[in-house]
Amino acid sequence: MTIVLVGGGHAHLKCILDIRKKPLSNQNIFLISPNRYQYYSGMFSGYTEGLYSIDDIRIDLKYMAEKSGLTFIEDSVTEVSLTDKTLETKTGTMIPFSVVSFDTGSYIEGPSSFKDYLVQIKPNYLFANKIKEYREVEFPVVVGGGASGIEIALAITAWRKRNGYPANVTLISSSKLLPSSSSKTSKLTREIAVRKGLSLMEGDSVAEMNGSHVITQNGRSLPHSRLLWLTGPSPSGIFKESTLPCDQNGFLLVEKTLQAKGLPFIFGAGDCITLKSFPELPKNGVYAVRQAELLWNNITSYLNCEVCSTFSPQRHFLSLLSTGDKEALLQYGRFTAHNKLAWKLKNKIDTDYMQKYI
Ligand SMILES: Cc1cc2nc3c(=O)[nH]c(=O)nc-3n(C[C@H](O)[C@H](O)[C@H](O)COP(=O)(O)OP(=O)(O)OC[C@H]3O[C@@H](n4cnc5c(N)ncnc54)[C@H](O)[C@@H]3O)c2cc1C
């Protein structure tokens with residue numbers, strides 16, 4: 001039997017630990033990832049602001065995999081063949097599998113006509129180097145008023161203030177800030193952003209671009225040194241191109257057991273999947289971590305012809321959004337607070353998480 005874990009995302013990290021605790025006999029297990037390191041997005045804002053070092057935010061996948069008896073392959077999967085149960089990789093290697101699991105995250109797709117002016121931060125191993133260059137540019141412009149856009153724009157602002165650069169970061173958002181939160185929370189976030197020196201263009205979007213300027217839908221023109229495009233998640237093309245079951249956007253469609261619809265030997269977790277029963281579930285690290293709890297159990301149950309457990313998402317989850325200067329916005333259900341304590345809690349949760357994978 002050959003089990004292949006594709007991508008070193010949250011759920012597969014947990015699988016690697018589960019395998020270490022209870023090794024399987026007579027199985028070849030592979031982990032495929034385009035980079036030896038997995039970078040933890042929960043700490044991207046702190047890294048951007050200069051609060052964490054590169055080693056604080058990354059996990060050595062090769063070391064972890066080999067310590068658990070897996071074979072690590074530094075490559076990317078580009079296609080899945082269902083007829084002969086084989087994965088094809090970017091380097092042209094063919095890897096046969098009995099069971100395959102995908103935890104490959106998501107991409108961010110800016111309009112193709114602006115491609116030359118966008119900073120490419122995905123796959124996530126690109127983030128650290130790209131953001132280090134970007135926080136120093138003359139005119140930083142971030143696009144996207146969701147959690148990641150706000151966090152990174154505020155982190156760049158904090159870093160620039162602390163390092164003697166002009167605090168001239170602009171955030172463009174077609175919606176209000178944090179569109180899926182309450183109006184009260186959006187308003188509070190706006191106040192925090194303005195107080196911290198972020199220039200906001202809410203209810204506006206990028207209409208045109210050239211090498212030096214952005215023209216917005218509302219007719220405003222502003223200089224840019226390329227754009228950090230942090231709008232919602234997009235799928236990779238693998239699933240659609242391989243004719244695997246997908247939602248209308250191209251994310252792998254899975255049952256509550258995390259098995260692909262009609263293909264029980266294919267599993268998936270994290271951003272790269274859509275749950276058939278919960279299609280609206282947001283794609284974030286919180287659900288990726290929750291799915292991790294049952295992924296390896298379900299893979300082994302499937303191999304042993306046992307019944308797989310089902311995933312049911314919690315209604316509310318704790319959201320901690322770093323706002324710079326060691327402050328964070330905490331949201332849980334209808335409760336919202338913004339202070340240093342929330343950042344301390346975020347720091348504790350994130351550093352505890354990383355400790356498990358050293
Ligand atoms: C700037 C930013 C900040 C964010 N901050 C937060 C936050 O604070 N909290 C939060 O909950 N969420 C945050 N998110 C969202 C979060 O990053 C994702 O929801 C989360 O990482 C999804 O986890 P995952 O396990 O699905 O995949 P990921 O963590 O993205 O890991 C996927 C892995 O698969 C690899 N891979 C990709 N394609 C292939 C392939 N073809 N073959 C093999 N391997 C492949 C990638 O290199 C990567 O190592 C943030 C996102 C961004 C962009």
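The values are calculated or read from the model by the stated rules, or taken from the named source; none is laboratory data. Since this is a predicted model, take the numbers as computed values, not measurements. Reconstructed Cβ throughout: ideal geometry from the backbone, glycine too, with neighbour counts over all protein chains shown.
One table, with the values for the structure above:
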read-out	value
Count - residues of region 139-155 that are within 11 Å of the ligand (Cβ to nearest atom) and among the β-branched types (Val, Ile, Thr)	3
Pair list, Cβ under 8 Å, 6 or more apart: region 164-175 residue under 21 Å from residue 110 (Cβ atoms), other residue of a type in the set (D, E, K, R)	169/160; 172/204; 173/202; 173/204; 174/204; 175/202
Filter result for residue 101 (farther than 27 Å from residue 45 by Cα, among the small types (Gly, Ala, Ser) and surrounded by fewer than 16 Cβ atoms within 10 Å (Cβ to Cβ))	no
Long-range neighbours under 9 Å by Cβ, at least six apart or interchain, first residue assigned by TED's automatic domain parsing to the domain that holds residue 176 and in contact (Cβ under 8 Å) with a residue 24 or more places away in the chain within region 129-145, second of a type in the set (Phe, Trp, Tyr) and assigned to a loop (DSSP other than H, G, I, E, B)	135/165; 136/165
Matching residues, region 226-250, being over 17 Å from residue 139 (Cβ atoms), in contact with a Phe, Trp or Tyr (Cβ under 7 Å, 6 or more places away or on another chain), at pLDDT 95 or above and in a loop (DSSP other than H, G, I, E, B)	250
Filter result for residue 51 (over 23 Å from residue 263 (Cα atoms), under 23 Å from the mean Cα position of the chain (by Cα) and more than 10 Å from the ligand (Cβ to nearest atom))	yes
Residues within region 172-225 that are in a strand (DSSP E or B), surrounded by 16 or more Cβ atoms within 10 Å (Cβ to Cβ) and small (Gly, Ala, Ser), tallied	2
Test for residue 345: is it within 18 Å of residue 41 (Cα to Cα) and outside any helix (DSSP H, G or I)	no
Residue match in region 127-138 (condition: in contact with a Pro (Cβ under 8 Å, 6 or more places away or on another chain) and within 14 Å of the ligand (Cβ to nearest atom))	yes
Single unsatisfied condition, residue 247 versus (1) within 16 Å of the ligand (Cβ to nearest atom); (2) over 26 Å from residue 309 (Cα atoms); (3) among the acidic types (Asp, Glu)	(2)
Strands (runs of 3 or more DSSP E) within region 46-156 that include 1 or more residues polar (S, T, N, Q)	71-74, 77-81, 86-89, 99-102
Residue check for residue 228: out of contact with any Leu (no Cβ under 6 Å at 6 or more places or on another chain), in the same structural domain as residue 153 (by TED's automatic domain parsing) and within 15 Å of the ligand (Cβ to nearest atom)	yes
Out of 312, 322, sole residue that is touching a residue at least 24 places away in the same chain (Cβ under 8 Å), loosely packed, with under 14 Cβ neighbours inside 10 Å and not in a helix (DSSP H, G or I)	312
Search result, residues across region 257-278 that are touching a residue at least 24 places away in the same chain (Cβ under 8 Å) and within 16 Å of the ligand (Cβ to nearest atom)	258, 266, 267, 268, 269, 270, 271, 272, 273, 274, 275, 278
